[in-house]
2 protein chains.
Amino acid sequence: MPYRAAVDDYRFLIEDVLDFASLRSTDRFAEATEDVTGAILEEAGRLCNDVLAPLQRGGDLHPAKLENGVVRTSPGYAEGFAAIAEGGWIGMSADPEFGGMGLPMTLTSAVNEMMSGACLSLQLAPLMSQGQIEALEHHASDAIKTLYLPKLISGEWTGTMNLTEPQAGSDVGALSSRAEDNGDGTYAVSGQKIYISWGDNDFAGNVCHLVLARLPGAPAGTKGISLFLVPKFIPDENGEPGERNGVSVVSLEHKMGLHGSPTAVMQYDNAKGWMIGREGGGMAAMFTMMNNARLGVGEQGIGAAEGAYQLALDYALERKQGRSPVEGGAGTIVDHADVRRMLLSMKADIFASRAIALSCAYASDMARAGQGDEWAARAAFLTPITKAFGTDVGIAVSETGVQVHGGMGFVEETGAAQFSRDVRVTAIYEGTNGIQAMDLVGRKMMDGGEAANRLLDEIEADAETARDAFPRMADAVWQASETLREATEWVAGQSDMNERFAGAVPYLRAFARVLGGHLHLQAAMAEKAAGGSGAREKLARFYIQRLLPEHQGLLAHAQAGAEDLYALDVEDLSR
Amino acid sequence: MPYRAAVDDYRFLIEDVLDFASLRSTDRFAEATEDVTGAILEEAGRLCNDVLAPLQRGGDLHPAKLENGVVRTSPGYAEGFAAIAEGGWIGMSADPEFGGMGLPMTLTSAVNEMMSGACLSLQLAPLMSQGQIEALEHHASDAIKTLYLPKLISGEWTGTMNLTEPQAGSDVGALSSRAEDNGDGTYAVSGQKIYISWGDNDFAGNVCHLVLARLPGAPAGTKGISLFLVPKFIPDENGEPGERNGVSVVSLEHKMGLHGSPTAVMQYDNAKGWMIGREGGGMAAMFTMMNNARLGVGEQGIGAAEGAYQLALDYALERKQGRSPVEGGAGTIVDHADVRRMLLSMKADIFASRAIALSCAYASDMARAGQGDEWAARAAFLTPITKAFGTDVGIAVSETGVQVHGGMGFVEETGAAQFSRDVRVTAIYEGTNGIQAMDLVGRKMMDGGEAANRLLDEIEADAETARDAFPRMADAVWQASETLREATEWVAGQSDMNERFAGAVPYLRAFARVLGGHLHLQAAMAEKAAGGSGAREKLARFYIQRLLPEHQGLLAHAQAGAEDLYALDVEDLSR
C-alpha cells in the first residue's frame, strides 16, 4: 500500500478538538471556512500520495551530488518541488499581498506534516523557504519584500538559513562571519557556514541565503550579530537573476540519512548582501521565525512517524508468521499481542504529538489574529515541546517500525530503515532537543511558570468535565497533571538555572506525556459528542493506561538536581 | 582517542561483584585464577584496541561484496580474523580436548563484549563459530567432533547457523528446506536460507553450515526438524577441504549497517550434509546453543554501547561550545548539565547491562561446573533479559552518542552514526526482543515464577545488607523489587499466555531496570569494601535516583492485559 496522508486525523483535530470556530470568527482567518480547510487538506493529501511519496526511495538511493560546483538533486525532486510550488503550498500562510494564501499556521502545519511523511528530504526545501519568507515579511524593507517575496512564495526562487559555523553551533553567538558596508546600501559578506540544508539546488532560478554575520567592531556574542540576505545571483534592474555572487558550495556532507537533501558547506567571499532588520538585530530577526521553524521541524518528526507507521502496519497486515493467538484474526502478525502493542504505541504517540503540534500552531494563529498575549505565550511554551517530542516520536516510531519488520527492517529495500535514518537529524537541527528543553525550563518559564500553570489549569478543568463520561481516564489525566504541577513548581522555583537544566529533558518529555493524555481524552470526548465509532476512545485508553504512567519516572528524574551530575569527575567518566 | 577495552570494569565485576571464588573452587574452572583472568582480559583488550578497532570504519565504507559467487570481505578483516584466531579467542570456552581453553563463559562474554565494541561486524564471525562449536560439542558424533572441532576452534574453518527461510523467521517451525538420506550416512540437503550472517568469506579454508531441514515424511512444525552440518568444501580422506559442495551464496543483503558482515541468501542444492543429533532433534540441538548465542548478542549490544559512549565522551571533552556553567570545569561541552545527563545515562546503563550479562554468564558457568540446577534456571531466566536489555541499551546509547555529537553525529565521518546503524540489528536477530520477552514471561516462567522470585529474594536480602551503608539507595532498590514482585505474581498468575505476552516487553525491561539497580548497589558495596574512590557509588546514585524509577510506568503497562490491544480493529488501525 502506498502512503496515504492522514487527512481525517487533521480534519478531526481542526474541526472537533481545537476551537477553530473562534479562529474563524477573527477578521484575519475568516476565510478559512470548514469547506476551505477540508478542500485544502484533501488537495495537499493527493499531492503527497501521488507525487511526493514516490520520490522518497530515490532520494535515498541517489543522493544530491556536487558536480563541478553545481548541486545535482535527486531524481524527480525538481518536478516534486515544482508541484509543491504550483499548489501554492510554500506560501500557504504567507502574506496575500505577495502571493501568499494567508491561511492559518494550523493548516500549514498539517500540510507540512503530511509532506514530511511523504518525502522528508524534499519537504525540507519548501520549509526552508517558509522560514525565509517569514523573516523577510517581518524585517525586510519594502523594496526587498517586493522583489523577493513573490519569487520565494511562488517557488521560482528558494531560501536557506545560514547560522552555524564550525566553532558556532548551539552557541550561535560565537560565529565569526563578517560583513563590511559597501557604502551603497549593500554589504560584503565573508565567512564559512556549515550544515546549510538545501544550500543549493538545480531547479530554482535563484537561491537566497539569509546569513548571520558581524559588522566590524560589533560587540562579541549575540548582540553583535546582524542578518544579511545574500542571493546566489544578484538581481538585475528587472529583478531577474544577474551576475553570480561570491557564494559557493564547498562540499556536501555524507550523512546518515536525508540523502535527498543537500547539506552544504557554504563559502562567502565578499558576497553582496542586504541587511535585513537593524544592525545588531540578527538574532532578534532569527527569533521571529524560530518558533515556526521549530514547529515545522516537530512536524517533520511526526510526519516521518506517520510514514513509518503506515509501512509497518502494511507489513504487519501482510506478513504471515506463526499461529494466530486470537480467533477470527487477520491471520498475519498483526494478530500477535506484541505486534499490536508496537502498532498501538506508534499510533497513540503519533496522535499525541500531532495534537500537541496543531495546538501549538493554533495558539500562534490566535496570537496572530490578535486574540491576546496569552496565546502568544501558549505558542511559545508549546513550541519546544512540539519540536522535541515530535522529533523524539519520529525517531522512536520509525525505530519501532524497523522492529515490526523483523529482519526485513534492517534490509534497506523495505524503506523502514530509511525512515529511521532520515528522521534522526530532526532531533538535532533547528536547536537540539536538549536546547529545546533548556528553552522550556529557562526562557519559557521566566514568567515563573504562569504559562505552564495556565495550561495545567485547563487540563484539569477539562478532566473534570470528562469525569462523567470517562471516569478512569479523566482521573488518570487529572492526577498526572497534579504530579506535573508539583514538578513545575519545583523547576520554576530553582533560581540556579543549572538545577533546571539538569532535568530539563525528562521534564519536557513528561510535560508532553501529560499533554498527550489530555489531548487523547479531549479526542475521546469530541468523538463521543459527534457520535463516533469509539475508536478514538480506545486509542485514548491505550495511551492513558500504558504510556502516560511514564511521566512519574521522568518527573523523579526531572527534580533530581544538578549536583550528582558533577559528582563524577572527568577521570571517573573516562574509566 | 582510540577505543580502549573496558578491562577494569570486567575485572571489577568478576573479582569484586560476582562470587568468582566459588567458581574457582570447582574442578572445572580451578585454573581460572585471578592471575589468569587478569592476563586474559589484558591481552584481549590489547587485541581489541590495537588490531580490531582500526578495522571498524573500513568495514562500513567498504562492505563485504559478492563477486562471481565469491564473498570478498572488507579491508583487513582477514588479518583481523586471523589475529582473533591466533589469540585463541574463538575457542576460549571450548573443550580443551579439541584445542579450546575451557575457560568460564563469564570470561568469554567479557571478551566478546570488548571485541564487539571494537569492531562489531567482524566480531560476528567468531561468534557464529562459537555457536557451531557448542552445538557440535553437545550433539555431534565423535568422528565429526574430531574432524571439525579443532579446525573451528583454531579458526582455520568458520561456522554459520542456517535457520531462517523467507516464510519462516520467528516461526522456525514453518521452514521447508529438505534433506534426503543418501544411504551412506550422509544426506542431500536442499532449500534456501536467508539472513545467514557470515554465510561465506574469503579467509577461511572452509565454511561449515549448520542447516535446519526436514526429512521426507517428517511431521509439520518444530518436531519434524533435523540439523545438518553442510561444509562448503567436502573434507577429503585427510580431512582437508576437497570437492565443492552444492551450496552457494545467491546474494548479499543491502543493510542499514553492519556492512562488514556479509548477510547471505544461501542456496542448497543436494548439498552433502551430516546429521547432527537425532532425527527430529534439530530444535533441541538449537536450543542447546541458543542461550549462549543470545548472551553473545546481548554482549554485542553492550559492546557497541561502550564504543559509542567512548566516542561521545571524547567528543564532549574536546568540543568547545558556550560558556561553561560550572567553575573549574573542563571548558568543553562536558560541563553542560544536559551533556552530563546524557553521558551518565549512557555509562550507568552500560554498567547495568554489563553486570546483568556477566551475572547471566556466571550462572551458566556455575551450572556447567555442576553447582546445581538452580544455576541453570538462573542462567535461563537471565538470558532473554541480557539479550533484549543489552541490545536495547546498545541502540539507546549509540543513539544518545549521536545526540552528544550534535550536527557532527548525523555526519558519517565521526563514526557515531555507524554505531547506531550497526547495532540496530542486534534487537532483531537471534530472536527479536519481542520474542525474548515472550520467552521470559512464557517458557522461563513455567516454574510459576520460582526463578524470578528467587532472584527477587536475593535482591531484597542484599538491599537489607546495604541499608546501613547506603540507606536511600538500598530502600529504593528494595521498594522497586517489591513492586516487581507484585507484577511478577500477576504475570505468573495469567493462564492465558496472550495476557502475559501483551505486557511482556515492558515487563522484561522493568526487570532489567530493577536488576540494574541491584547490581549498581552491589557495585557500590563492593567498592566500599575495597576502599575505592566512591565513583561507583556516585554512578549507582545516578542510576537509582534517575533511571530506576522508570520501572513504575513500565510495570503499569506490563499488567494492562491483552483486551485493549484488540479493541481497535484492523480498519481502526488503518485510519
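The values are calculated or read from the model by the stated rules, or taken from the named source; none is laboratory data. As the structure is a prediction and not an experimental result, all values here were calculated from the model. Methodologically, a virtual Cβ is constructed for each residue, glycine included, from the backbone with ideal geometry; neighbour enumeration extends over all protein chains shown. SASA here: full protein model, heavy atoms, side chains in, ligands and nucleic acids out. Shrake-Rupley method; radii C 1.70, N 1.55, O 1.52, S 1.80 Å.
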**Complete:** hull vol. (C-alpha, convex hull) per residue for the range A:36-110, Å³ -> 106 Å³
**Fill in**
Checked against the positive end of the charge dipole of the protein assembly as shown (+1 on Cβ of Lys and Arg, -1 on Cβ of Asp and Glu, about the Cα centre), the farthest of A:V326, A:V505, B:L252 is B:L252
**Asked** Can you give the angle from 0 to 90° between the axis of helix B:504-529 and the longest principal axis of chain B, with both taken from C-alpha atoms, to the nearest 10?
**Response** 60 degrees
**Request:** Please give the FRET efficiency for A:A21 paired with A:E563, using the beta carbon to beta carbon distance and R0 = 56 Å, rounded to the nearest 0.05.
**Result:** 0.65
**Prompt:** How high is the FRET efficiency from B:A529 to A:V326, r the C-beta distance, R0 30 Å, rounded to 0.05?
**Reply:** 0.05
**Prompt:** Which percentage, to the nearest 5, of the DSSP beta bridges contained in the protein assembly as shown is antiparallel?
**Reply:** 85 percent
**Fill in**
Rounded to whole angstrom, the alpha-carbon centroid of the range B:154-175 lies from that of the range A:132-185 at a distance of 57 Å
**Asked** Using the Kirkwood formula over every pair of different C-alpha atoms, what hydrodynamic radius in Å results for the range A:245-286?
**Response** 12.9 Å
**Helix A:373-404 vs. chain A, principal-axis angle (Cα, 0 to 90°, nearest 10)** = 70 degrees
**Fill in**
Set B:K223/B:K444; A:K347/B:K193; A:K255/A:K347; B:K193/B:K272, cut-off 22 Å on Cα-Cα distance; pairs above it are A:K347/B:K193; A:K255/A:K347
**Item:** Chain-alone versus full-assembly comparison, the range B:243-266, residues with accessible loss of at least 50 Å² (1.4 Å probe)
**Value:** B:H254, B:M256
**Asked** What is the Cα radius of gyration of chain B over 2.2 N^0.38 Å, N being its residue count?
**Response** 0.96
**Prompt:** To the nearest 10 degrees, how steep is helix B:450-466 against the longest Cα principal axis of chain B, on a 0 to 90 scale?
**Reply:** 30 degrees
**Asked** What span do the alpha-carbon atoms of the range B:411-481 cover on each of the three principal axes, reported in whole Å from largest to smallest?
**Response** 50, 35, 13
**Request:** Take every Cα-Cα pair in the protein assembly as shown and report what % of them are more than 43 Å apart.
**Result:** 39 percent
**Item:** Residues along the range B:411-457 losing 40 Å² or more of accessible surface when the other protein chains are present rather than the chain by itself (probe 1.4 Å)
**Value:** B:V411, B:E412, B:R424, B:I428
**Asked** Quick one: net charge of B:Y195's neighbours, Cβ under 11 Å, K/R +1, D/E -1?
**Response** -1
**Complete:** Charge dipole of the range B:446-575 built from unit charges on the beta carbon (Lys, Arg +1; Asp, Glu -1), centred at mean Cα; most positive-end Cα among B:A530, B:V570, B:V477 is B:A530
**Message:** In the range B:320-355, what residues drop by 20 Å² or more of accessible area when the other protein chains are put back, versus the chain on its own? Use 1.4 Å, and skip ligands and nucleic acids.
**Reply:** B:Q321, B:G322, B:P325, B:V326, B:A337, B:D338, B:R340, B:R341, B:L344, B:K347
**Message:** Which aspartates and glutamates, if any, have their Cα less than 15 Å from the Cα of B:K387, not counting same-chain residues under 8 positions apart?
**Reply:** B:E113, B:E299, B:D349, B:E430, B:D439
**Prompt:** So what is log10(I(q)/I(0)) for the range A:433-563 at q = 0.12, 0.17 1/Å, when the Debye sum runs over its Cα atoms only?
**Reply:** -0.46, -0.82
**Asked** Between the range B:527-575 and the range A:400-427, what's the alpha-carbon centroid distance in Å?
**Response** 24 Å
**Request:** Report Rg(Cα)/(2.2 N^0.38 Å) for the range B:159-279, keeping two decimals.
**Result:** 1.04
**Asked** Counting Lys and Arg as +1 and Asp and Glu as -1, each charge on the Cβ, what is the dipole of the range B:159-279 about the Cα centre in debye, to the nearest 20?
**Response** 420 debye
**Complete:** Classified through the alpha carbon gyration tensor (a ≥ b ≥ c as square roots of its eigenvalues; rounded if a/c is under 1.5, else prolate when a/b is larger than b/c, else oblate), the range B:7-152 comes out oblate
**Complete:** At R0 = 60 Å the Cβ-Cβ FRET efficiency linking B:M497 and A:A30, nearest 0.05, sits at 0.55
**Prompt:** Where the only charges are on Cβ atoms (+1 Lys, Arg; -1 Asp, Glu), what is the dipole of the protein assembly as shown about its Cα centre, to the nearest 20 debye?
**Reply:** 500 debye
**Request:** Over the protein assembly as shown, average the accessible area per residue using a 1.4 Å probe and give it in Å², no decimals.
**Result:** 33 Å²
**Prompt:** B plus A alone minus the pair: what accessible area, both sides summed, probe 1.4 Å, in Å² to 100?
**Reply:** 7700 Å²
**Complete:** Rounded to a whole %, the carbon-and-sulfur portion of the accessible area of the range A:159-280 at a 1.4 Å probe is 46 percent
